[in-house]
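Chemist: Supplied in structure tokens, the structure appears directly below.
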Amino acid sequence: MLRRIPRLLLCSSILAGLPLIETHAQTPNTTPATPTPLKAPPAAPVPQAHAPARQSTVHIVGRTPHEAEQVIVTAHLDQQRMALSPSTGATVHTFSRKALETIPGGDNAPLNQVLLQAPGVAQDSYGQIHVRGDHNEVQYRLDGVQLPEGLNVFGQALMTRFADHMSLTTGALPSQFGFLQAGVVDITTKNGTTNPGGNVSVYGGARDYFFPSMQYGFHEGKWDFFATADFVHDRVGIENTLPNFNAPHDLSNQYHFLGHARYTVDEDTRISLITGISNAEYQLPNNPGQLPGEWSGNYTPPANLPDSGTLNEHQKQITDFAVLSLQKEIGAFSLQDSVFTRYSSLRYSPDPVGDLNYLGIAQRAARSVFSTGTQHDVTWRAARDHTVRFGFQIFVERNVSKTSSTVFDEIGDDTGVYDLANPRTIQEGSGKTGMIYGLYAQDEWRVLHNLTINYGLRFDGVSEYTSENQVSPRINVVWKPWTGGVLHAGYSRYFTPPPFEVVSGASIARFSHTSAAAASTGNSTVKAERDHYFDAGIEQTILPGLRVSFDAYYKLARNLIDEGQFGAPIILSGFNYRRGQVNGYEFAVSYDHGPLSLYGNFAWSRAIGKDITSAQFNFSPADLSYIQSHWVHLDHDQRWTASAGAAYAFFRTTRFPLRLSTTLVYGSGLRKDDEVNADLTIPNGLSIAPYATVNFSAVQTIRNTFGTRWKGDTQLRLDVINLGDHTYQLRDGSGIGVGAPQYGLRRTILCGISQGF
């Protein structure tokens, strides 16, 4: 929360009166060709002119001209950084600080729950989201710098409280966006200028939910510091396998930290460092009532075998990252040069007896990925009507996998009889180093005062388990034919490298004639996905504060990448469909005026694939045969998705403003298998039942609770998740790459108190 301090105050225009969630086609950047010289303003407050979209408006309260000038320099560099990667012609969903605070849970809400408020985002188990019918092809950027993919399957390595504001960009992306292209989540991190002072909060409630956090930021001279940390303890770490109120065996403990330091060398130069830590431990919820030995036709369970509802499986996930950036203005050039590193690890601990007898394998698994790389982005204001952008990215990655698997040996070949008295342990380890890279160039050409064309090329390559590359042309057209109306259309050629975490052929051979033998013997290498992506839409501002938009898209894919969970460890593995098609449309409306904010959207989508051509050992011969000659729905295909929200601020001009808000999420259901008869099961042939959940929030603020001696607001929060206690299922345990049933969270009441200082 922003508040006045004696030295300065920087307010983003995004925080001042924008809708809770703003959906719009990104219009061309309007940064002038030559930066305006910065001069120290008088000591009295001087409101600055409104800046273009996504830029900052600065209000100065400085004790000295030098301090006030420093605030202007900070805002100027922030604007130039955002201008390095404008999404001209794409569809951008903006989450302002106001929106993040208004969504039930506020900064305590998981990031995936925030993104569900955008059009075309479908909810899945393990905290996953699917944007426009893709699986996990969402890239995350911190202040414009893309982070390499990690191993986390559930939980959130990036927290909502890290963000000052953020955006989700979809559609036909310009050429500066590569590798993961279903959506781009760009988080503008908090810093000591936008979030000065400190805050301590305690949040919690049902199911042992306990969530303390703190943050502190300050701006002193040319230095700017911000840090935030939190701890999460609850019994809802992973979705419940049952429709019950409480999940069996579902404790989680999570730690998160973000630090941000910036040094402004001069009005054209800034150095910044962002570091983050996420450490999470989970109990895996049990699935009672399972039958042991289903992997064998001749099996007699031991007398002391525990019930499947009492097993003790654990998973630990760690993610650490750091980003060091240099931002520089040189005449008509703006640039940001960054180096980054990310370490991600996952460790699964089985129930030694239970996993072996129920699954035929008790596997202790450990995987890690260490990624480091560099990203360089340059904007050249070449002429009045031409803005040229170019740059490149390189990731070097090291993947290490170790497993210790206890199995039963088969007695004879293909007998289905196993030596249950003498289990055997198979040790495996592997490592591989690889690289992905991409470079781009594009020209934003303002043909007419109301017509802009953004065209460019991108070259991407991967050298990991597969070696491939592609040249990708992209073009977007933005036209403003009348007042308040924007039309856009675009085409993008995409190249998506496969996930780096795949299984080698040696694994299949070593498990032959054991209780963990693969269903099939094929293990073709996972290939890069290659897409033709088309997008078009219209946006209209009807009245001040009232905006509506419609967008349609179509993706034609070769080697479409999907992911699934195969085995007990919750580790996603990638595979390809030879052909894929994804198409859909989205409608969004938002209104924001005075104390009232409203938004609503719905989306229709269809995602299908045909012929699995890699990692075939994860599938049964029957499924492979059917999918080879039939189109099937992808497991994450959800036909209808919708979300809506409303907020009203009472007494907002007093010391005691009260904000009430509510959100709704609707899904028509992900996929499950269709068991037609004893001889035919259609993979992903049916949808799970539709659902709708409503969340509610009430936030009471007391401004300057303790008077002028200790400035700081107190905030009391009440959140109710799933207000109607609706029982709904996300997964039923069937479908391609689905390991177990998962149910959505039942009614959960949470409350908290935070104090600023």
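Chemist: Looking at residue 229, is it open to solvent by less than 40 Å² (accessible area, probe 1.4 Å), in contact (Cβ under 8 Å) with a residue 24 or more places away in the chain and in a loop (DSSP other than H, G, I, E, B)?
Modeler: no
Chemist: Within the group 434, 416, 429, which residue is open to solvent by less than 30 Å² (accessible area, probe 1.4 Å) and closer than 24 Å to residue 352 by Cβ?
Modeler: When all the criteria are applied, what remains is 416.
Chemist: Another question, if that's okay. Please go through the stretch 692-704 and pick out each residue that is out of contact with any Asp or Glu (no Cβ under 8 Å at 6 or more places or on another chain) and open to solvent by 40 Å² or more (accessible area, probe 1.4 Å).
Modeler: Passing the criteria: 692, 694, 700.
Chemist: Check the stretch 338-350 and report whether any residue there is part of a strand (DSSP E or B) and more than 23 Å from residue 277 (Cα to Cα).
Modeler: Checked the stretch 338-350: no residue is part of a strand (DSSP E or B) and more than 23 Å from residue 277 (Cα to Cα).
Chemist: Among the residues of the stretch 166-211, which ones are closer than 17 Å to residue 101 by Cα and either without any contact (Cβ under 8 Å) to a residue 60 or more places away in the chain or β-branched (Val, Ile, Thr) (or both)?
Modeler: Those that are closer than 17 Å to residue 101 by Cα and either without any contact (Cβ under 8 Å) to a residue 60 or more places away in the chain or β-branched (Val, Ile, Thr) (or both): 187, 188, 189, 194, 200, 202.
Chemist: Now for a different question. Step by step: first the residues of the stretch 162-190, then only those that are outside any strand (DSSP E or B) and surrounded by fewer than 23 Cβ atoms within 10 Å (Cβ to Cβ), then the one that is nearest to the chain's Cα centre (by Cα). Which residue is that?
Modeler: By that ranking, first place goes to 180.
Chemist: Please determine, by comparing only the residues of the stretch 112-137 that are polar (S, T, N, Q) and part of a helix (DSSP H, G or I), which one is farthest from residue 565 (Cα to Cα).
Modeler: Ranking the qualifying residues of the stretch 112-137, first place goes to 113.
Chemist: Need pairs with beta-carbon distance below 9 Å; first residue without any contact (Cβ under 8 Å) to a residue 60 or more places away in the chain and within 20 Å of residue 130 (Cβ to Cβ) and within the stretch 584-602, second assigned to a strand (DSSP E or B) and among the basic types (Lys, Arg); sequence gap 6+ or separate chains.
Modeler: The qualifying pairs do not exist here.
Chemist: Here's another thing I want to ask about it. May I ask you to verify whether residue 239 is open to solvent by 30 Å² or more (accessible area, probe 1.4 Å) and under 22 Å from the mean Cα position of the chain (by Cα)?
Modeler: Judged against the criteria, residue 239 is a match.
Chemist: Of all residues being among the small types (Gly, Ala, Ser) and either free of Cβ contacts under 8 Å to residues at least 40 places away in the same chain or in a loop (DSSP other than H, G, I, E, B) (or both) in the stretch 671-691, which is least open to solvent (accessible area, probe 1.4 Å)? Just the residue, please.
Modeler: Of everything passing the filter in the stretch 671-691, 689 is least open to solvent (accessible area, probe 1.4 Å).
Chemist: So which residues in the stretch 266-288 are assigned to a loop (DSSP other than H, G, I, E, B) and either open to solvent by less than 60 Å² (accessible area, probe 1.4 Å) or under 26 Å from residue 346 (Cβ atoms) (or both)?
Modeler: Listed by number, the residues that qualify are 268, 284, 285, 286, 287, 288.
Chemist: Got a number for residues in the stretch 705-726 being crowded, with 16+ Cβ neighbours inside 10 Å and not hydrophobic (A, V, I, L, M, F, W, C)?
Modeler: So the answer is 7.
Chemist: Based on what the data block shows, is residue 631 within 21 Å of residue 527 (Cβ to Cβ) and surrounded by fewer than 17 Cβ atoms within 10 Å (Cβ to Cβ)?
Modeler: yes
Chemist: I need a count of the residues in the stretch 131-143 that are under 22 Å from residue 188 (Cα atoms), open to solvent by less than 10 Å² (accessible area, probe 1.4 Å) and of a type outside the set (S, T, N, Q).
Modeler: Result for the stretch 131-143: 3.
Chemist: Please enumerate the residues belonging to the stretch 191-225 that are closer than 29 Å to residue 282 by Cα, part of a strand (DSSP E or B) and open to solvent by less than 50 Å² (accessible area, probe 1.4 Å).
Modeler: Scanning the stretch 191-225 gives 199, 201, 203, 204, 205, 209, 211, 212, 213, 215.
Chemist: Take the residues of the stretch 634-670 that are open to solvent by 20 Å² or more (accessible area, probe 1.4 Å), among the charged types (D, E, K, R) and touching a Ser or Thr at 6+ places or on another chain (Cβ under 8 Å): which is farthest from residue 601 (Cα to Cα)?
Modeler: 659
Chemist: Out of the stretch 255-265, which residues are among the small types (Gly, Ala, Ser) and either within 23 Å of the chain's Cα centre (by Cα) or open to solvent by less than 10 Å² (accessible area, probe 1.4 Å) (or both)?
Modeler: 259
Chemist: May I ask you to list pairs of residues, at least six apart or on different chains, whose Cβ atoms are under 9 Å apart, with the first in the stretch 332-359 being closer than 23 Å to residue 519 by Cα and the second being assigned to a strand (DSSP E or B) and among the hydroxyl-bearing types (Ser, Thr, Tyr)?
Modeler: What qualifies is 350/406; 352/406; 355/406; 356/406.
Chemist: Exactly one condition in (1) under 30 Å from residue 289 (Cα atoms); (2) touching a Phe, Trp or Tyr at 6+ places or on another chain (Cβ under 9 Å); (3) in a loop (DSSP other than H, G, I, E, B) is not met by residue 738; state its number.
Modeler: Checking residue 738 against (1) under 30 Å from residue 289 (Cα atoms); (2) touching a Phe, Trp or Tyr at 6+ places or on another chain (Cβ under 9 Å); (3) in a loop (DSSP other than H, G, I, E, B), the one that fails is (2).
Chemist: Now for a separate question. So which residues in the stretch 450-485 are at pLDDT 95 or above, surrounded by fewer than 22 Cβ atoms within 10 Å (Cβ to Cβ) and β-branched (Val, Ile, Thr), if there are any at all?
Modeler: The answer is 453, 471, 475, 477.
For every residue, the table says whether it meets (1) β-branched (Val, Ile, Thr); (2) touching a strand residue (DSSP E or B) at 6+ places or on another chain (Cβ under 7 Å).
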| residue | (1), (2) |
| --- | --- |
| 426 | yes, yes |
| 429 | no, yes |
| 455 | no, yes |
| 463 | no, yes |
| 466 | yes, no |
| 470 | no, yes |
| 497 | no, yes |
| 514 | yes, yes |
| 530 | no, yes |
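Chemist: Before we move on, is residue 78 open to solvent by 10 Å² or more (accessible area, probe 1.4 Å), farther than 30 Å from residue 475 by Cβ, of a type in the set (Asp, Glu) and in a helix (DSSP H, G or I)?
Modeler: Here the answer is no, as residue 78 does not meet what is asked.
Chemist: If you don't mind, another one. Can you find, within the stretch 517-576, the residue that is nearest to residue 411 (Cα to Cα) among those that are assigned to a strand (DSSP E or B), open to solvent by less than 50 Å² (accessible area, probe 1.4 Å) and among the β-branched types (Val, Ile, Thr)?
Modeler: Here the residue is 561.
Chemist: So is residue 303 surrounded by fewer than 22 Cβ atoms within 10 Å (Cβ to Cβ) and part of a strand (DSSP E or B) or not?
Modeler: Answer is no for this residue.
Chemist: Of the residues in the stretch 446-475, how many are in contact (Cβ under 8 Å) with a residue 12 or more places away in the chain, within 25 Å of residue 370 (Cα to Cα) and of a type in the set (Gly, Ala, Ser)?
Modeler: Of the residues in that region, 2 qualify.
Chemist: Residues in the stretch 685-701: is at least one more than 30 Å from residue 609 (Cβ to Cβ), over 24 Å from the mean Cα position of the chain (by Cα) and not aliphatic (A, V, I, L, M)?
Modeler: yes
Chemist: To continue, here is another question. Just for the stretch 437-484: of the residues that are among the charged types (D, E, K, R) and either within 19 Å of residue 497 (Cβ to Cβ) or in a strand (DSSP E or B) (or both), which one is farthest from the chain's Cα centre (by Cα)?
Modeler: 446
The values are calculated or read from the model by the stated rules, or taken from the named source; none is laboratory data. Given the structure is predicted, the values throughout are model-derived calculations rather than measurements. Cβ coordinates were reconstructed from backbone atoms using ideal geometry, including for glycine residues, and neighbour counts include every protein chain displayed. These accessible areas exclude ligands, DNA and RNA; they are computed on the full protein's heavy atoms, side chains included. Shrake-Rupley method; radii C 1.70, N 1.55, O 1.52, S 1.80 Å.
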